[in-house]
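Quick notes on the structure that follows.
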There are 2 protein chains.
Amino acid sequence: MYKAAAASEWRSARRQSARDAIVDAAWRVVHAEGLAGLSLRDLAKVAGISTPTVYAYFESKNAIYDAMFGRAATEFADRMTEPYEAVDPREVLIAGFRRFIEFCTTDPARYQLLFQRTIPGFEPSPESFAPAVRALDSSCQRLAANGIRDPRHVDMWTAVTTGVVDQQISNDPGGRRWTDLVESAVDMFLAHCQGANRPRPRATTAKGRRRAPTNP
Amino acid sequence: MYKAAAASEWRSARRQSARDAIVDAAWRVVHAEGLAGLSLRDLAKVAGISTPTVYAYFESKNAIYDAMFGRAATEFADRMTEPYEAVDPREVLIAGFRRFIEFCTTDPARYQLLFQRTIPGFEPSPESFAPAVRALDSSCQRLAANGIRDPRHVDMWTAVTTGVVDQQISNDPGGRRWTDLVESAVDMFLAHCQGANRPRPRATTAKGRRRAPTNP
DNA sequence: GTCTATATCCAGATAGAC
DNA sequence: GTCTATCTGGATATAGAC
C-alpha cells in the first residue's frame, strides 16, 4: 500500500514537471511569435517532443493557454505580495505601483494574456484565475493603509494604474514616458481620495517624504 | 479628353464604393467573430462575392485591416471634433471624455484595432493613421482650454482616460462601473494639474458648475 | 507515453477561362 | 472584374504501432 502510494506520487510529480516543461516551451514560443502566434507544432519542436505527445498532457490548445495563465497569475500574485521595504503607506503604494509596471512592461505578452481578453475562445478556469484575486486583495490592503476603502476609489486606482501601463506599452514600448509619471499619479490620486474622504492614513513612524497626514 | 476623364472618375468612384462595401462586410464579420477571427472566406461570403474578387480590391488581408483601421480612425476623429455644446472648459473636457468612452465601449473590436496592437503582423499605414493625430490634437485643445499644456499632464490625461475605458471594457463589459467615474476622474485630474501649474483656465461667461477659476 | 503517419479542415493566395 | 477550380501550407487533433 505504501509503495503503491509512493509510486503514484512520484508519477504524478513526474507528470507535473513534464507539464511545466511544456508550459515553459509555450512561453518561449509566445515570446518569439506573439500570444496569438502560438502553434502546437512550434511548441512541440521547442519542447523537443512530438505534437501528439502534447496531447498526452493537455487536452487542447486552450488548456495550454489556461496553464500559461495560471502560471502568470501566480507569478503576479507572488510578486505583488512580496514584503515591502518601505513603511510609509504612500511609499508602499508607490512601490506596489512600480512592481505592477515592472511586471507588465517586462513581458507584454504575459500582460496581454493576463489582463486583456484577446484570445478568441479562451476563458481562464477558476483555478487558474484564483491567484489574481489574491493580488487584488493585496492592492486593497495597500490602499486601506492610506485610508482608502471606498470601492469607487479602488476602481479609480485600478483605472489609473492600468492606464499608465497601457499607454506605456502601447505608445512607448521599452521607454519610460508614462512610467516616470508614477509619483505624480499617486499624488494626484491620494489628494483626490484623501481630500474627499474622512479616514486618514494611519500615522507612521517613517519618513513621509511629502504626504503628511493633512488632518487631525 | 473630357469624356475620358469623366469615365475614369466614374470608374474610380465605383471602385471606391466597392472597396467600401468590402470593408463594411469585414466589420460585420469582425463583430460576429472577433477581430482575429476575420477570414477572407467569411468576408467574401458576407460581401456576396468570391474570395479572389477580394484580391481585385485589396492586395492582402493586412490591406483590409488597414482600410478598416483608416475608417475607424476617421470615425474617431470626426466624432471627437464635432462641436461641443458646453462652453465651460471643464464641461467640454468631460463631454470629450464621455464621447471617448462611448466610442470605445460601443465597439470593443474597433477599440482593439485602433488602440491596442494585437494583430500579429499588422501596422497601420501612415495614411490610415493620420486621422488619429487630428483627434489627439483636439484633445490637446480641450486640455489647453483648461490651462493644461505641460506634456506630462497631457500624458497623464491619456493615461487616466484610457485606464477608465480599459477597465470598463475588460472588467465590466456592458456596464457602467468605471464609466460613472468620469466626473470624479476629471476633478481629480484638474485639481492635480491646476494646483501644480501656473496657467489658469480662461474665464468664460458660462455656468462653471463647480470648477470656478481658483486664482486671479 | 511516445512516436510516425495521417485525417480533416481551413487559411491566404493564385491560374486562367469568360 | 468576376468567376470556378486549385495550389500550398499550416492548423488542431487522432489512429495505431511500439
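The values are calculated or read from the model by the stated rules, or taken from the named source; none is laboratory data. Keep in mind it's a predicted model, so treat the numbers as computed, not measured. Cβ coordinates were reconstructed from backbone atoms using ideal geometry, including for glycine residues, and neighbour counts include every protein chain displayed.
Key figures
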| read-out | value |
| --- | --- |
| Every residue from the stretch B:35-52 that is of a type outside the set (A, V, I, L, M, F, W, C), part of a helix (DSSP H, G or I) and within 12 Å of DNA strand D (Cβ to nearest atom) | B:ARG41, B:LYS45, B:THR51, B:PRO52 |
| Sole exception among (1) away from DNA strand D (no atom under 16 Å from the Cβ); (2) touching a residue at least 24 places away in the same chain (Cβ under 8 Å); (3) away from chain B (no Cβ under 14 Å); (4) part of a helix (DSSP H, G or I) for A:GLU102, by number | (2) |
| The stretch B:35-57, residues that are more than 7 Å from DNA strand C (Cβ to nearest atom) and within 14 Å of another protein chain (Cβ to nearest Cβ) | B:LEU35, B:ALA36, B:GLY37 |
| Subset of the stretch A:18-34 that is modelled with pLDDT under 95 and either in contact with a His (Cβ under 6 Å, 6 or more places away or on another chain) or within 14 Å of another protein chain (Cβ to nearest Cβ) (or both) - its residue that is nearest to DNA strand D (Cβ to nearest atom) | A:GLU33 |
| In the stretch A:109-129, the residues that are within 12 Å of chain B (Cβ to nearest Cβ), in a helix (DSSP H, G or I) and over 11 Å from the mean Cα position of the chain (by Cα) | A:ALA109 |
| Test: residue in the stretch B:80-88 that is part of a helix (DSSP H, G or I), away from chain A (no Cβ under 14 Å) and either of a type in the set (A, V, I, L, M, F, W, C) or within 16 Å of DNA strand D (Cβ to nearest atom) (or both) | yes |
| Leading residue by the ranking (farthest from DNA strand D (Cβ to nearest atom)) among those in the stretch A:53-72 that are surrounded by fewer than 19 Cβ atoms within 10 Å (Cβ to Cβ) and not in a helix (DSSP H, G or I) | A:GLU59 |
| Residue among B:ALA67, B:ALA95, B:ALA145 that is away from chain A (no Cβ under 14 Å) and free of Cβ contacts under 8 Å to residues at least 40 places away in the same chain | B:ALA95 |
